[in-house]
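The structure appears right after this line, and notes come after that.
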Amino acid sequence: MTPEEARTTVRDALRQVAPDAEFDTLPADTSLRDTLELDSLDFEALVVQLSERSGPRIDEDDYSQLTTVGSCVDYLVSRAQ
């Protein structure tokens, strides 16, 4: 998965979880949970969306790598290699 494909995957997943989020203006290094006010269920839904769109299940041990748009993109790219 290329960084651009990963960014699209993250954007599409966020649109499912937080449809009102302005993804195009969301800084890559801003906390998703804080900025989008995601509670634990919303975050879990985001992880499920990312997992379904990218392949293998994302383990709970990896949740700390999914804190920002940039870290989600990096994680998805690294998993695909």
query = Looking at the stretch 24-39, which of its residues are in contact (Cβ under 8 Å) with a residue 40 or more places away in the chain and open to solvent by less than 40 Å² (accessible area, probe 1.4 Å)?
reply = 26, 32
query = In this structure, does residue 73 turn out to be assigned to a helix (DSSP H, G or I), under 13 Å from residue 9 (Cβ atoms), free of Cβ contacts under 8 Å to residues at least 24 places away in the same chain and among the hydrophobic types (A, V, I, L, M, F, W, C)?
reply = no
Selected residue (criterion: nearest to residue 71 (Cα to Cα)) from residues of the stretch 6-29 that are polar (S, T, N, Q) and touching a helix residue (DSSP H, G or I) at 6+ places or on another chain (Cβ under 7 Å) = 9
message = Against the definition (surrounded by fewer than 15 Cβ atoms within 10 Å (Cβ to Cβ), basic (Lys, Arg) and part of a helix (DSSP H, G or I)), how does residue 15 come out, yes or no?
response = yes
query = Any idea which residue in the stretch 40-57 is surrounded by the most Cβ atoms within 10 Å (Cβ to Cβ), counting only those that are of a type outside the set (Lys, Arg) and free of Cβ contacts under 8 Å to residues at least 12 places away in the same chain?
reply = 51
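So is residue 75 under 13 Å from residue 32 (Cβ atoms) and open to solvent by less than 20 Å² (accessible area, probe 1.4 Å) or not? If you could, list the steps in order and put the result at the bottom.
On the way: under 13 Å from residue 32 (Cβ atoms): yes; open to solvent by less than 20 Å² (accessible area, probe 1.4 Å): yes.
Spelling it out, residue 75 is indeed under 13 Å from residue 32 (Cβ atoms) and open to solvent by less than 20 Å² (accessible area, probe 1.4 Å).
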query = Quick one: in the stretch 19-37, which of the residues that are at pLDDT 90 or above, farther than 24 Å from residue 79 by Cα and assigned to a loop (DSSP other than H, G, I, E, B) is nearest to the chain's Cα centre (by Cα)?
reply = 36
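The values are calculated or read from the model by the stated rules, or taken from the named source; none is laboratory data. On a predicted model such as this, the values are computed, not experimentally measured, just so you know. A quick note on method: Cβ atoms are made from the backbone with ideal geometry, for glycine too, and the neighbour counts reach across all protein chains shown. The protein model used for the area step is the full one, side chains on, heavy atoms only, and it has no ligands, DNA or RNA in it. Shrake-Rupley method; radii C 1.70, N 1.55, O 1.52, S 1.80 Å.
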